[in-house]
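A.B. asks: Okay, handing you the structure first.
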Amino acid sequence: MKTNKIILSIAAFVSGMFFVSCDLDMLDTKSTYQVGSANVWEKASLARLAVNGIYSEFYLRASASSGTNNSWRIMNEAYSSVMDTDRNWNSNQGVCYGSGTPASGVFSNMFKYYYTFVFRANDVITHIDQVPDMEPEEKARLKSEAKFFRAYAYFNLNVLWRGVPLYLEYIEDAGTAKRPRSTEIQVWDAIIADYTDCINNPDLPDRYMAGDGAYGRVTKGAAYAYRGQAYQFMAARTGDDEYYKLALADFEALEKMGFSLFTAAGADSFKQLFKPANEQCDEMIFSIQCVELSGMGNPRAMLFGNRGTYTGDKGAWNNFIPNPAYVESFENADGSPFDWEDYCPGYSNMTPKQRSVFFLRNGMTDEEKVNMTAYGADMSKYDQYGNEDRIKKAYSKRDPRLAMAIITPYSVYNGGISGVAYDFTLRWPYRGEGSTYRDLRTDTNSMYYYLWRKYVPEGLEHSFTWTYKMDLILCRYAEILLRRAECLCELDRLDEAIALVNKVRERAGHVLLNDAAHPATEVTGQDNLRERIRKEFYWELGGEDSMYFNELRWGTWIDMKFRDRTAGKTNAALNTNGLMQVWGEPTYTWYCLGDYVQIWPIPAKEREMNSSLTQNPGWID
């Protein structure tokens, strides 16, 4: 299985040699994407490498260790309310930090990145039919793969910028590309047309099975999944429920293709889904194939991990940190909302520094007590012998996905040091990771944060810094079930929607909706179900790079990202959310410039080179 992925990856890497002018300066250079060899379309073997060159762009986006500026490699999920970036990276998020302008590199780099897909795809679409020693069926399949990636690129561009220039033909010199922006709906129409061509192509397979040498390549299943998502965006933008019907039909088609939830690990299935052994299970619809080769691995092992994550030398970095409000959103085991007051009376009326007392370890030393008192902890509530047990109860009877996705206070994480596996415990104050305490060490050890388990290797299963072999999941079947449920809810087919949500909850081992024994699970109507489905997206998909686009689609991003949602508060003031320690004390806060930041600015450099590009409202060059 891994051998097949290595072959594809090396092919993608080698193909880059033919694109000698591809420097990612998209619409602002005289030569954005030109084939370095005139013979590429004269031989099938070279043409295949050209197609693989489109796939290779995934590795550039995935790798945080490649030679170019890392500032734009903030994964989309960090823009959502699910998580935040550590202090070293947060200034790169211009739409959240209040520092962004059209001249900010993050906007131009992302713009260029997605147009690289467009230009490479257009080259293949235009020239593949010229290849003399390639069968027509293979040409048709490769052309569909290229169209998928063109649609994928425009999908991302359209969500972020809501209308961009459409280039649906090969352009010899991108410096001559001076087209104005198409409307958002026009771009969605072009996206849907490309995905439809993929779906209608009899030479594109429905899916590839585990172990197939072509696993990871574009399929009809992936096209159905993304076309359905495009229809959902069109429904949100137009208010036309007919698009929900179209999306629903696409999502339903995936079940007929044999995609299903992974359940082989029983109660542990949700956690085991993110292990390399299960990366080609029937739940996976489309994923980036990762291998233990430089620049082709999954960086989330490093960026989601901690200093106890064994990477062979220095541990991981925990650059992406779950937001406390996200953690607190997970339901109790009976389906009722979590409330700190049930475990730590008085919690909601205390300041964040005061309530830090609840998270302190047993047997604090006199010096530690003095330090925490000076910090502001209300030490009158400290229990010398039972403090840890009290706080652990707040996490023990919750939606099981919480414990499988997040390292919570006083839970155990199996990591490693110097080639030996150890169990570490997330305690505070931190004393050390050596044999005396085995506290979980982090890259931000002076702060006490929630940490990720999802995508993070355990024990000694991984030993390379940037090259974790677990595939990066772009779309899986649980997401499709929730998207189906969302469409059914909007079409007022509530019972059908509830049944699909319950499939996802049942796999996780969580109580089902409308369970008569648990009143909190009762669905009271369409509005109530809509809210429940949206929360289910968070609990199932948090950390998988899906929720930022969902929050933008739902129109909830401003409210969720910038308002204070910790400890049950409903403070309507903006700019009160951000990176926080587990008790809600901010390390920094995000700053919302205004509602207009929901749409990214057209990069200033692009407007300098193409005067026909209009700027999005609110942004000033």
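A.B. asks: Relative contact order (percent) for the stretch 135-220, with alpha-carbon contacts under 8 angstrom and 6 or more residues of separation?
C.D. replies: Relative CO of the stretch 135-220 lands at 37 percent.
A.B. asks: Arrange the peptides 209-221, 119-131 so that the one whose residues have, on average, the most other Cβ atoms within 10 Å appears first.
C.D. replies: 119-131, 209-221
A.B. asks: Right, another one. Given a cut-off of under 8 Å on Cα pairs at least six residues apart, what relative contact order in percent is computed for the chain?
C.D. replies: About 19 percent, as a whole number.
A.B. asks: Would you check the accessible area of F338, probe 1.4 Å, heavy atoms only, in square angstrom rounded to 10?
C.D. replies: 30
A.B. asks: In what sequence, highest mean first, do 495-501, 253-259, 367-373 appear when ranked by Cβ atoms within 10 angstrom?
C.D. replies: So the order, starting with the most tightly packed, is 495-501, 253-259, 367-373.
A.B. asks: Would you compute, for the Cα atoms of the stretch 253-351, the largest minus smallest coordinate along each principal axis and list the three values in descending order, in whole Å?
C.D. replies: So the extents along the principal axes, rounded to whole Å, are 50, 44, 22.
A.B. asks: Once phi is turned into ³J(HN,Hα) by the Karplus curve 6.51 cos²θ - 1.76 cosθ + 1.60 with θ = phi - 60°, what whole-Hz value does each residue of the stretch 245-262 show in order, with x for glycine and proline?
C.D. replies: 5, 5, 4, 4, 4, 5, 5, 5, 4, 5, 5, 5, 7, x, 6, 7, 5, 7
A.B. asks: On the principal axes of its Cα set, how long, how wide and how thick is the chain? Give whole Å, largest value first.
C.D. replies: Principal extents (largest minus smallest coordinate, Cα): 79, 53, 51 Å.
A.B. asks: Additional query: Got a sec to turn the phi values of the stretch 206-211 into Karplus ³J(HN,Hα) couplings, 6.51 cos²θ - 1.76 cosθ + 1.60 with θ = phi - 60°, whole Hz, x for Gly and Pro?
C.D. replies: Residue by residue, the stretch 206-211 yields 4, 6, 10, 7, 3, x Hz.
A.B. asks: Continuing with this model, one more query. Sticking with the crude label model, points 7 Å out along Cα→Cβ, report the distance from R179 to S435 in nm, one decimal please.
C.D. replies: Here the answer is 6.7 nm between the modelled labels.
A.B. asks: Any idea how far the Cα center of the stretch 498-520 sits from the one of the stretch 169-245, in Å?
C.D. replies: Cα centres, the stretch 498-520 to the stretch 169-245: 33 Å.
A.B. asks: Name the residue farthest towards the positive end of the dipole of the chain from the options Y114, F424, S546, assuming +1 on Cβ of Lys and Arg, -1 on Cβ of Asp and Glu, about the Cα centre.
C.D. replies: F424
A.B. asks: Does the stretch 119-257 come out rounded, prolate or oblate by the C-alpha gyration tensor, with a ≥ b ≥ c the root eigenvalues, rounded set by a/c under 1.5 and, if not, prolate when a/b is larger than b/c and oblate if not?
C.D. replies: oblate
A.B. asks: Another one. Using the Karplus curve 6.51 cos²θ - 1.76 cosθ + 1.60 with θ = phi - 60°, what ³J(HN,Hα) values do you get for each residue of the stretch 439-456, in whole Hz, with x for Gly and Pro?
C.D. replies: Working through the residues one at a time gives 6, 7, 8, 10, 7, 10, 6, 7, 10, 10, 10, 5, 10, 7, 9, 4, 6, 9 Hz.
A.B. asks: What pairs from K275/K454; K139/K469; K275/K469; K43/K143 go past 19 Å between their alpha carbons?
C.D. replies: K139/K469
A.B. asks: Which value in deg cm²/dmol, rounded to the nearest 500, describes the helix-derived mean residue ellipticity at 222 nm for the chain, given -39,500 (n - 2.57) per DSSP H run of n ≥ 4 and division by the residue count?
C.D. replies: That comes out to -12000 deg cm²/dmol.
A.B. asks: Counting only residues 5 or more places away or on other chains, whose amide H sits under 5 Å from the amide H of R398 once H atoms are built in the peptide plane?
C.D. replies: A333
A.B. asks: A further question on this structure: Near the amide H of I407, under 5 Å away, which other amide H atoms are found, from residues 5 or more places off or on another chain, if H is placed in the peptide plane?
C.D. replies: Hits under the 5 Å cutoff: L451, W452, R453.
A.B. asks: Could you pull out every residue, at least 5 positions away or on a different chain, whose amide H is within less than 5 Å of the one on D545? Hs are placed 1.01 Å off N in the peptide plane, and Pro or chain starts have none.
C.D. replies: E77
The values are calculated or read from the model by the stated rules, or taken from the named source; none is laboratory data. None of these values were measured; they are calculated from a predicted model. Reconstructed Cβ throughout: ideal geometry from the backbone, glycine too, with neighbour counts over all protein chains shown. SASA here: full protein model, heavy atoms, side chains in, ligands and nucleic acids out. Shrake-Rupley method; radii C 1.70, N 1.55, O 1.52, S 1.80 Å.
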